[in-house]
Amino acid sequence: MNASAPPAAHATHSTVPVLFVSHGAPLFAVEAGETGPALTRWGQALRTQFPGLRGVVILSPHWMARGVRVMTGAQPATWHDFGGFPPALYELQYPAPGAPALAHEVLALLQAAGVAAQGDAERPFDHGAWVPLMHLFPQADLPVVQVSLPVGAGPADVHALGAALRGLRNQGVLLVGSGSMTHNLAEFFGGAREPAPYVLEFSRWIEAALQRGDLPALLAYREQAPHAERAHPTDDHFLPLFFALGAAGDDLQADYLSREVMYSMLAMDAFALQATA
């Protein structure tokens, strides 16, 4: 695995990589750390490699719904779905267009896979989508479609959602799972700045499982990964990883863009998944 790797070494590869990104706290929008610039570099390289990129389909845990919903609006609003942060954060906008035609492709693929998905024309971008996208594509010119995380879904269910959309990668679409490698908000205001040991142990266990291509271990992470319950008291912010893995399919390599840890307990791991040969 290569730190801060470009999308892939295969300049002629026609399949768009898949991205997992940790979107961190809302402050990540203005406190970019090392991860924000790494995402910007990767986004620039991706657009060079795929000049005909059609758009982005992104799943965020900040849209949880009964069943699966797909954003179909033409110009989604920027939703500041958080409280208690500096005023400047609430002034930020991410005016990327929606993509109704692409949204209906997403709906058709999900429905063909047996998922009773429905469109939502009023849904705005939540911060799990627009904060990382501000770094990835700061021009906000790529169309974006957001997909909800279904309430009660487990890792295998979310993996199946990504797998249903895998074919979009051959049609110039970037599929993104936006979550968090670790997410214990009870420890967020502890004041520590050095990475907590459990955060590193959990994150590197996940990386090792990715290196092995060990999907069964990843699907069973709550039983097998060290400190899994502390890293994720609830699994909503980890489930987008399985959306990315489902979209990626088999025989893939994880190229790490970032292994940064913010606020001691938020692992900001981000990596692209691309066929190895």
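Per-structure values
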| read-out | value |
| --- | --- |
| Residue in the range 163-178 that is closer than 21 Å to G128 by Cα and part of a loop (DSSP other than H, G, I, E, B) present | yes |
| Complete set of residues in the range 64-100 that are surrounded by 14 or more Cβ atoms within 10 Å (Cβ to Cβ) and among the basic types (K, R) | R69 |
| Leading residue by the ranking (nearest to G33 (Cα to Cα)) among those in the range 127-143 that are surrounded by fewer than 22 Cβ atoms within 10 Å (Cβ to Cβ) and either out of contact with any Leu (no Cβ under 8 Å at 6 or more places or on another chain) or hydrophobic (A, V, I, L, M, F, W, C) (or both) | P138 |
| Residue under evaluation S180, criteria (1) touching a helix residue (DSSP H, G or I) at 6+ places or on another chain (Cβ under 8 Å); (2) under 30 Å from S14 (Cα atoms), criterion not met | (1) |
| When residues of the range 12-37 are limited to those that are of a type in the set (S, T, N, Q) and assigned to a loop (DSSP other than H, G, I, E, B), the one farthest from T182 (Cα to Cα) | T12 |
| Search result, residues across the range 194-222 that are touching a residue at least 24 places away in the same chain (Cβ under 8 Å) and of a type in the set (D, E) | E194, E201, E207 |
| Residue that is farthest from the chain's Cα centre (by Cα), among those in the range 45-58 that are part of a helix (DSSP H, G or I) and either under 27 Å from G73 (Cβ atoms) or acidic (D, E) (or both) | R47 |
| The one condition in (1) within 25 Å of L185 (Cα to Cα); (2) out of contact with any Asp or Glu (no Cβ under 6 Å at 6 or more places or on another chain) that A101 fails to fulfil | (1) |
| The range 223-251, subset surrounded by fewer than 22 Cβ atoms within 10 Å (Cβ to Cβ) and touching a residue at least 60 places away in the same chain (Cβ under 8 Å), residue farthest from the chain's Cα centre (by Cα) | G249 |
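Read-outs throughout are calculated quantities, based only on the coordinates presented, and are distinct from any laboratory measurement. Values in this document were obtained by computation on a predicted structure and should not be read as measured data. In this analysis, Cβ positions are derived from the backbone assuming ideal geometry, glycine residues included, and neighbour counts consider all displayed protein chains.
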